[in-house]
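J.: Would you mind keeping the following structure in view while I ask a few things?
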Amino acid sequence: MIGDKKVLYSGMQATGTLTLGNYLGALKNWVELSDDDAYERFYGVMDLHSLTLRQNPAEFRKNARNLYALYVAAGLDPEKNCIYFQSHVSAHAELGWILDCFTYMGELNRMTQFKDKAAKHADNINAGLYTYPVLMAADILLYQTDVVPVGIDQRQHLEICRDIALRFNNIYGDVFTIPEAYIGKAGAKIMSLQEPERKMSKSDENANATIYLLDDVDTVLRKFKRAVTDSESEVRYDAQTKPGISNLIDIYGAVTGKTREETEREFAGKGYGDFKLAVGEAVAARLRPLQKRYQELVADKSYIDSCIKENDGKAQYFAGKTLRKVQKKVGLTERIR
Ligand code: ATP
Ligand code: LTN
């Protein structure tokens, strides 16, 4: 809590361009909660986490700024939501180190994201990739967070964050708020358009598998037209036997607010072609205003600069408070001023 408000905290890695999965699984939920004054809201551009994969410095710097602009373009007002760069608040790295000393290797060995990424990047299995969840726990715990809106794939990271916080509190008293994951009803796991058994991912090599938030209308329509389905022709939800169509029904539902049954009824007797076109049009219509605002924002460097400056300071203030408390609790020597 901060004052009488609950704290909401989330973020994304500043790698590549955001996908429809990132939007429907996370960003859209952030925007829906972004006017709710019951919460104090923080959103990080998680650039330290991005360093777990090798980055081209110039491209990385550009991507991180663009991600900031995308948050804003999607509807997060930076004057009401503290949007900031993780690397600008040194408390993240400092608390990350302390929490490393309260996390067991046995716990980290169980993380599925580590196993997946290690298999994918066998030539660069670095220690940062391994302790990634501890830095994420530090992000969350620094702000005394109550709620963390993320996609379903982040659930395991939230669990380890809670375990670390409980362990710490058991030793030192109530230092950290214990956070909860907030996983939206629709869109928590959007699948690849080409291999609907796998999640839609920014790092997919097949560009047809992924809708990027900055794809133009024709590209969006083309990708949906080519989406892998099955040999039947009935628009019916069945994740086991019809994963492709079920994924499209979920995407359509997340964008239009329609339930699975409503979508099935709407397309009863119509073929996959009509349905794919409707999904593509609904997605393109949702992305259009976001893209327009994004173009305006990247053209106005000074506006984003002023938001960065303002919000970095706010994040540093709140994070610093928790860090000092932790340092004192574990027995680090106080500074002489
Ligand atoms: P990569 O696939 O390259 O590892 P990513 O697309 O998973 O990256 P992240 O930065 O790890 O991107 O995730 C940002 C947020 O988007 C997280 O809250 C995550 O749960 C959510 N998310 C990512 N992919 C999907 C998806 N396919 N469906 C729903 N939510 C998703
Ligand atoms: N691991 C997250 C990104 C992330 C995050 C966080 C999300 C880093 N720190 C703190 C919520 C809260 C991901 O989405 N891959």
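J.: Determine which member of the set Tyr39, Tyr43, Tyr9, Tyr23 is among the aromatic types (Phe, Trp, Tyr), away from ligand 1 (no atom under 13 Å from the Cβ) and under 28 Å from Ala254 (Cα atoms).
T.: After applying the criteria, what remains is Tyr39.
J.: Next question, about the same structure. Would you tally the residues in region 292-337 being within 27 Å of the chain's Cα centre (by Cα), of a type in the set (D, E, K, R) and surrounded by 14 or more Cβ atoms within 10 Å (Cβ to Cβ)?
T.: 5
J.: Further, regarding this structure: Do we have any residue at all in region 9-28 that's over 14 Å from the mean Cα position of the chain (by Cα), in contact (Cβ under 8 Å) with a residue 60 or more places away in the chain and surrounded by 15 or more Cβ atoms within 10 Å (Cβ to Cβ)?
T.: No, region 9-28 contains no residue that is over 14 Å from the mean Cα position of the chain (by Cα), in contact (Cβ under 8 Å) with a residue 60 or more places away in the chain and surrounded by 15 or more Cβ atoms within 10 Å (Cβ to Cβ).
J.: Regarding Pro133, is this residue within 13 Å of ligand 1 (Cβ to nearest atom), in contact with a His (Cβ under 9 Å, 6 or more places away or on another chain) and not basic (Lys, Arg)?
T.: yes
J.: For region 284-296, does any single residue satisfy the condition of being under 18 Å from Asp218 (Cβ atoms) and among the polar types (S, T, N, Q)?
T.: Yes, region 284-296 has at least one match.
J.: Check whether at least one residue in region 235-254 is polar (S, T, N, Q) and in a loop (DSSP other than H, G, I, E, B), and report yes or no.
T.: Yes, there is a match, as at least one residue in region 235-254 is polar (S, T, N, Q) and in a loop (DSSP other than H, G, I, E, B).
J.: Among Ile83, Ile125, which is the only one that is assigned to a strand (DSSP E or B) and of a type in the set (A, V, I, L, M, F, W, C)?
T.: After ruling out the rest, the residue left standing is Ile83.
J.: Quick one: is Leu76 under 15 Å from the mean Cα position of the chain (by Cα), within 16 Å of ligand 1 (Cβ to nearest atom) and assigned to a helix (DSSP H, G or I)?
T.: no
J.: Please verify whether Asp139 is over 25 Å from Ala319 (Cβ atoms), touching a strand residue (DSSP E or B) at 6+ places or on another chain (Cβ under 9 Å) and either in a helix (DSSP H, G or I) or within 16 Å of ligand 1 (Cβ to nearest atom) (or both), treating the condition exactly as stated.
T.: no
J.: If you check Leu53 against the conditions, is it in a loop (DSSP other than H, G, I, E, B), surrounded by 17 or more Cβ atoms within 10 Å (Cβ to Cβ) and aliphatic (A, V, I, L, M)?
T.: yes
J.: Something else about it: Just need a number here: residues in region 164-197 that are outside any strand (DSSP E or B), within 16 Å of ligand 2 (Cβ to nearest atom) and surrounded by fewer than 17 Cβ atoms within 10 Å (Cβ to Cβ).
T.: 2
J.: For region 1-34, which positions are within 13 Å of ligand 2 (Cβ to nearest atom), β-branched (Val, Ile, Thr) and farther than 23 Å from Lys117 by Cα?
T.: Once the filter is applied, which keeps residues that are within 13 Å of ligand 2 (Cβ to nearest atom), β-branched (Val, Ile, Thr) and farther than 23 Å from Lys117 by Cα, region 1-34 yields only Val7.
J.: Can you tell me how many residues within region 94-122 are part of a loop (DSSP other than H, G, I, E, B) and within 18 Å of the chain's Cα centre (by Cα)?
T.: 1
J.: Given the criterion without any contact (Cβ under 8 Å) to a residue 40 or more places away in the chain and away from ligand 1 (no atom under 14 Å from the Cβ), identify the matching residue among Leu166, Leu158, Leu214, Leu221.
T.: Leu166
Each reported figure results from applying straightforward, stated rules to the coordinates on display, with no laboratory input. Keep in mind that what you see is a predicted model, and the values were worked out from it rather than measured. With ideal geometry, Cβ positions are generated from the backbone for all residues, glycine too; neighbour counts draw on all protein chains shown.
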